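Worksheet for the structure shown next.
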Amino acid sequence: MTTHEYVIEAEELGRTYGGGFEAVRSLSFSVARGELFALLGTNGAGKTSTLEMVEGLSRPSAGRVRVLGHDPYGERAEVRPRIGVMLQEGGFPSELTVRETGRMWAGCTSGARPVDEALDLVGLGGRAGVRVKQLSGGERRRLDLAMALIGRPEVLFLDEPTTGLDAEGRRDTWELVRELRDSGTTVLLTTHYLEEAEQLADRLAIMHEGRIAAEGRVDEVVAAYPAQISFELPDGYHLGDLPPLLALGITGHEWKGRRVRLHTATLQRTATGLLTWASDAGVELRGLDVRSASLDEAFLHIAREAKTGTPGTSEREEVAAR
C-alpha cells in the first residue's frame, strides 16, 4: 500500500509530560482509508495520549502525525471539518435538551446533517426533548456519538464508545460503526472490550508502556501466542508418563495437583499425539479442554509482561536479532 492511501499516519510519535515521563515512545502506525483500526492497551499504556495527538488535541513531543495529509495540530482548520471525535466523556450543557444540544453542535459544524437524523442514528430520536442531565450514562454516550457523526466525518475517532451501554446498546453501536466503515468512513477506535475489537477491527495494535507490543489483523496477533490443552492426569499417572513434551510440540506447561495445562504453537499435532497416547494407554483424559489462542489471551500475556517486566514481543525479536 502506498503512502497516499493512508489517511492516518504516525511516525516515531512521542509524548513526554512534566518530570520527563514518556507516555508514548517512538510509536508508528498507519490506517488506510475505509479501515477500522483498534488501539488497545494495558492500563497506562499511552493509548489516550496517542489518540489526543492524532486528533490534534495536543502537540507531539517527538515524531510526526498526519491526518488526511495534514498536521492535525498545526493545520487544525484543514482537518477539523473532516473528522468526528467522540471523547471518553462529553461536556454538554446539562440544562439543554438533547435536540437543543444537537442544534448547538450543528451550528458549529460545517455541512452538518439534520439533527433529528443524527439522533435517530444512535437511537435517541425519542429522547430529543429530554434534558441532558436526565439522560442515563448509556444515553449520554449515545449523544456523544451522535455529535461526533453530525458533520458526516471522513475520519471518526472513537474513545471507549460503548462504556456504560447495556448489551443491546453495545450491539447496536457495533452495527452502526460497521455501517459507517462499510460506507467508507475511516475509524480509529480505542476500547477496553476485547470482544469489541475482535468484532469490529480490520487491524489492531496492542500498546504496552508507550510502544506497540503487537500489531496486525486479529488472527495475526493471536497466532503469535500459544494454544492450550488442559486435562486431568489419569489415576496412577504422573507428568513424566506423558510422551516427551518436546516431541508433542509443547512450548510450556503448568500443573496443579492432577490438572495439567500444556501450551503449544502446533495445536493439531499436540492434540493428535496426546490423544493417540491416551488411546494406546487405554486411559481417559478427564476434563479435556482444547482451545486456540484468543485475543484475550494475547492481551493478558502482554499485561503479565507489564507486571513482571519481561520484554514485550517486539523487544524479544530485537534481542533475538542481535
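The values are calculated or read from the model by the stated rules, or taken from the named source; none is laboratory data. Computed from a predicted structure; not experimentally measured. Please note: Cβ atoms are built from the backbone with ideal geometry, for glycine as well, and neighbour counts cover all protein chains shown. Each accessible area value is taken on the protein alone, full model and side chains, heavy atoms only, with ligands, DNA and RNA left out. Shrake-Rupley method; radii C 1.70, N 1.55, O 1.52, S 1.80 Å.
Observations on the model:
- Some residue of segment 252-272 being open to solvent by 60 Å² or more (accessible area, probe 1.4 Å), hydroxyl-bearing (Ser, Thr, Tyr) and either farther than 29 Å from ILE302 by Cβ or without any contact (Cβ under 8 Å) to a residue 24 or more places away in the chain (or both): yes
- When VAL85, VAL98, VAL79 are checked against the criterion of being under 21 Å from PRO161 (Cβ atoms), touching a residue at least 60 places away in the same chain (Cβ under 8 Å) and surrounded by 15 or more Cβ atoms within 10 Å (Cβ to Cβ), VAL85 stands alone in meeting it.
- Residues considered: GLU55, GLU154. Of these, the only one that is open to solvent by less than 30 Å² (accessible area, probe 1.4 Å), closer than 27 Å to LEU13 by Cα, touching a residue at least 24 places away in the same chain (Cβ under 8 Å) and among the charged types (D, E, K, R) is GLU55.
- Any chance ARG103 is of a type in the set (Lys, Arg), surrounded by 15 or more Cβ atoms within 10 Å (Cβ to Cβ) and not in a loop (DSSP other than H, G, I, E, B): no
- Meets criteria (more than 17 Å from LEU156 (Cβ to Cβ) and in a loop (DSSP other than H, G, I, E, B)) for GLY44: yes
- Going through (1) under 20 Å from VAL187 (Cβ atoms); (2) part of a helix (DSSP H, G or I); (3) not polar (S, T, N, Q) one by one, GLY111 falls short only on (2).
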